[in-house]
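Presented below is the structure to which this report refers.
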Amino acid sequence: MKSPLHKILGVDKALIGMVHVGALPGSPGSRQSIPALAKAAAHEARVLISAGFDAVMIENMHDAPYVNAPHHPAVTAAMTAVGLAVAEAIGDAPMGVQVLSLGSREALAVALAVGAQFIRVENFAFAHVADEGLMPEAQAGPLLRYRRSIGAQHIAIFADIKKKHASHALTADLPLADAIAGAEFFGADGVIITGAATGRPTDPDDLAEARAATRLPVLVGSGVTPATVQSLFRHADALIVGSSIKRSGHWSQPVDPRRAAAIAKAKAKAR
């Protein structure tokens with residue numbers, strides 16, 4: 001029988017490479033045209049798949065400082081153009097979409113338009129206080145109804161648990177396992193465990209607790225390096241890699257083919 005992750009991504013253990021799309025129109029750092037953004041993203045996605053990654057995910061991380069949804073239509077339009085270019089570049093390889101911040105509906109619409117297999121969702125269950133402001137309401141209820149209304153039930157939702165770049169004082173009395181149970185009860189298709197911020201290592205104890213708490217796919221969302229791939233795969237079904245595959249190991253830089261290949265090589269050794 002195929003595992004839940006295999007049904008989504010076609011493999012039981014997956015490497016998902018982050019393509020951080022350049023600043024979109026309207027954001028403070030915007031400098032490039034949409035065709036230029038799409039071309040650059042397609043190139044990075046192609047490099048990642050060629051290096052041995054199983055999937056890629058596009059994300060508008062260069063749009064900092066972030067604002068909470070609803071987002072301007074230009075964001076959805078630009079991400080759709082980028083997603084179509086990436087889809088053409090990677091062929092049958094799976095793709096995911098994330099739109100920051102709280103842009104789960106926008107991400108789902110983009111994913112449906114470009115043929116992506118999954119989206120990453122912040123604040124799927126429970127409230128958070130993030131660096132961009134208060135995320136007071138869980139997105140699960142409205143999002144799953146929206147997914148049904150647009151006929152996108154085939155697109156999986158990977159939910160961050162106690163998301164990075166956020167304070168969790170509001171849910172400090174809630175153990176990680178209970179937070180995962182809430183996301184699973186609300187219909188998540190996988191859960192993402194991260195460190196405190198982009199590039200920060202994921203706590204191995206958190207990962208082990210997550211694995212014991214759910215039968216859903218467990219994904220690592222930050223801090224993956226070649227040296228940690230094998231140990232992380234002991235409990236994780238997928239690793240989302242963004243910083244260590246970039247030049248100088250910083251998320252804001254272009255993908256470095258040698259760094260990407262090093263991660264893929266580490267996965268091959270871990271089998």
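Based on DSSP H runs of at least 4 residues, each adding -39500 (n - 2.57), what is the mean residue ellipticity at 222 nm of the chain after dividing by all its residues, to the nearest 500 deg cm²/dmol?
Value at 222 nm, helices only, nearest 500: -11500 deg cm²/dmol.
When only alpha carbons are used to place a centre, the range 109-123 and the range 1-51 end up 12 Å from one another.
Partners of Lys163 within straight-line reach, counting aspartates and glutamates whose Cα lies under 12 Å from its Cα and excluding those fewer than 8 residues away in the same chain: Glu122, Asp131.
The range 142-161 and the range 184-223 have Cα centres spaced 19 Å apart.
To the nearest 0.05, what FRET efficiency results for Met1 and Arg200 with a Förster distance of 41 Å applied to their C-beta separation? That gives a FRET efficiency of 0.70.
Here the 3J(HN,Hα) profile of the range 124-138, calculated from phi with Karplus coefficients 6.51, -1.76 and 1.60 at θ = phi - 60°, is 4, 9, 6, 9, 9, 10, 9, 5, 8, x, 6, 10, x, 10, 5 Hz, Gly and Pro shown as x. Remark: spin-label model distance Arg271-Leu84 equals 3.6 nm, labels positioned 7 Å along the Cα→Cβ axis. The relative contact order of the chain comes to 17 percent, based on Cα pairs under 8 Å that sit 6 or more residues apart. If every alpha-carbon in the range 60-124 counts as one equal scatterer, what log10 I(q)/I(0) does Debye give at q = 0.28 1/Å? The Debye formula, applied to the Cα set alone, gives -1.27.
Protection proxy ranking of 181-192, 156-167, by the mean of other Cβ atoms within 10 Å over each peptide's residues and highest first, is 156-167, 181-192. Take the Cβ atoms of Ala208 and Val11, set R0 to 25 Å, and the FRET efficiency comes out at 0.70.
Residue separation of Ala74 and Leu170 scaled by 0.36 nm, minus their Cα-Cα distance, works out to 31.2 nm of gained length. The charge dipole of the range 206-271, taken about its Cα centre with unit charges on the Cβ of Lys, Arg, Asp and Glu (plus for the first two, minus for the last two), comes to roughly 340 debye. Relative to its Kirkwood radius, the Cα radius of gyration of the range 69-186 gives an Rg/Rh of 0.99.
Calculated FRET efficiency, Arg215 to Ser50, Cβ-Cβ distance, R0 = 30 Å: about 0.35 to the nearest 0.05. To one decimal place, what Kirkwood hydrodynamic radius in Å is obtained for the chain from all pairs of distinct Cα atoms? Roughly 18.2 Å, rounded to one decimal. Phi angles of the range 150-164 translate, via the Karplus equation with coefficients 6.51, -1.76, 1.60 and θ = phi - 60°, into HN-Hα couplings of 9, x, 10, 4, 6, 8, 6, 10, 9, 9, 5, 10, 6, 3, 6 Hz per residue; Gly and Pro are given as x.
Where the only charges are on Cβ atoms (+1 Lys, Arg; -1 Asp, Glu), what is the dipole of the range 145-271 about its Cα centre, to the nearest 20 debye?
On the way: 18 positive and 11 negative charges, 146 e Å.
With only Lys, Arg, Asp and Glu charged at Cβ, the dipole is about 700 debye.
Within straight-line reach of Lys164, meaning a Cα separation under 25 Å, sit the following lysines at least 8 residues removed in sequence or on another chain: Lys13, Lys246, Lys267.
Values quoted throughout were computed directly from the atomic coordinates according to the rules given, and no laboratory measurement underlies them. Keep in mind that what you see is a predicted model, and the values were worked out from it rather than measured. Quick reminder, even Gly has a Cβ in these numbers, built from the backbone with ideal geometry, and neighbours come from all protein chains shown.
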